[in-house]
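Enquirer: Sharing a structure here in structure tokens format.
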Amino acid sequence: MKPVVLLENVWKIYRLGEHELVALRDVNMCVEEGEFHCIIGPSGSGKSTLLSIIGGIERPTRGRVIVADVDLTTLNESQLAQFRRDNIGFVFQHFYLIPRLKIIENVELPLIAKGVPSKLRKKLALEALEAVGLRDKAYLKPTQISGGEMQRVAIARAIVTRPKILIADEPTGNLDVENTRRVMELFEKLNRELKITIVLATHNIELLPYCTRVTRVRDGTIVRVYWKEEIPKLVEELSTIIERR
């Protein structure tokens, strides 16, 4: 498979007055097309910064970022915004649904930004809700459904534009065990059936068995990359570390 994400010697340095905070240090990373790729690390390890750079939300201080065959470091702000609309779906820990809008209207929002006609917007939104098992809730308000269902609506909104890559930042952080399982099984289904490449960041080791590859980060650097068959050993290792604390 060919790389759909390629980071070459990427640094991200935040300047705070006279001080510098190095969030990423000389990162080289590859995500192959069709992967379900997890990035794991503790809080402050650089996971979210990596996702923001892959998604074209932030720019690296140094290095190259090639996503879907486009060098993001060569794009201006307008071009980056269009790239995100056309290629990337985002899912966050918080659902960011608009309470006064119906669920179908929340899902339609990215299509409005793309200028999709109303009739087609409704059709695509219903298809996305069908994919996450919530077509029957389309005309309810977010306040009328559960937290797990709200995250599935957020996923429907992320996939309604049929993106090449789905970026998920701690998507189960506000969910209980059962809803976490449902959301992760949904990601698996979208990856397998719709062939969407997924890049997910988490600190929860229980999510790792769902992934096809795992990148472990610490202090802004990549510690190691684990293939599918190595993930059970990684989970065991990380569980031991947690138990010792």
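Rule-based calculations on the coordinates, nothing more; no lab input. All of these numbers come straight from a predicted model, not from anything done at the bench. In this analysis, Cβ positions are derived from the backbone assuming ideal geometry, glycine residues included, and neighbour counts consider all displayed protein chains.
Enquirer: For residue 12, give me every one of the aspartates and glutamates with a C-alpha distance below 20 angstrom, ignoring sequence neighbours fewer than eight places off in its own chain.
Expert: 20, 26, 58, 71, 77, 169, 219
Enquirer: Along the Cα→Cβ direction, 7 angstrom out, place labels at residue 114 and residue 225. What is the inter-label distance in nm?
Expert: For the pair residue 114/residue 225, the computed spacing is 2.9 nm.
Enquirer: Specify which residue in the list 68, 22, 145 is farthest towards the positive end of the charge dipole of the chain, using unit charges on the beta carbon of Lys, Arg (+1) and Asp, Glu (-1), about the Cα centre.
Expert: 145
Enquirer: Restricting attention to the chain, give the cysteines that have no other cysteine Cβ less than 4.7 angstrom from their Cβ.
Expert: When partners are defined as cysteine Cβ atoms under 4.7 Å apart, the chain leaves 30 without one.
Enquirer: Set the Förster distance to 45 Å, then compute FRET efficiency between residue 59 and residue 188 from the Cβ-Cβ distance, nearest 0.05.
Expert: 0.90
Enquirer: For the chain, what does the helix formula give at 222 nm: sum of -39500 (n - 2.57) over DSSP H segments with n ≥ 4, over the residue count, nearest 500 deg cm²/dmol? Walk me through the intermediate numbers first.
Expert: Working: 7 runs with 88 residues, N = 245.
So the calculated ellipticity at 222 nm is -11500 deg cm²/dmol.
Enquirer: Continuing with the same structure: Report the antiparallel proportion of the DSSP beta bridges in the range 3-244 as a percent, rounded to a multiple of 5. Walk me through the numbers on the way to the answer.
Expert: Values: 23 of 41 bridges.
Restricted to the range 3-244, the bridges split so that about 55 percent are antiparallel.
Enquirer: Considering every Cα-Cα pair within the chain, what fraction, in whole percent, is farther apart than 27 Å? Walk me through the numbers before you get to the answer.
Expert: Values: 10895 of 29890 pairs.
Of all Cα-Cα pairs in the chain, 36 percent lie more than 27 Å apart.
Enquirer: Counting only C-alpha contacts under 8 Å and six or more residues apart, can you give the relative contact order of the range 86-161 as a whole percent?
Expert: With pairs under 8 Å counted, the relative contact order is 49 percent.
Enquirer: Continuing with this model, one more query. Would you look at the GNM of the chain, springs on alpha carbons closer than 10 Å, and say which of 164, 119, 141 moves the most?
Expert: In this elastic network of the chain, the residue with the biggest mean-square fluctuation among 164, 119, 141 is 119.
Enquirer: Too long at a 27 Å Cα-Cα cut-off: which of 137/195; 164/233; 47/102? Kindly include the intermediate steps, with their values, before the conclusion.
Expert: Details: 137/195 25 Å; 164/233 30 Å; 47/102 32 Å.
Flagged as over cut-off: 164/233; 47/102.
Enquirer: For the range 117-245, report the % of Cα-Cα distances exceeding 27 Å.
Expert: On the way: 2215 of 8256 pairs.
Here the tail beyond 27 Å accounts for 27 percent of pairs.
Enquirer: For the range 3-244, what is the relative contact order in percent, using Cα pairs closer than 8 Å and at least 6 residues apart in sequence?
Expert: Values: 451 pairs, mean separation 64.8, N = 242.
Relative contact order here is 27 percent.
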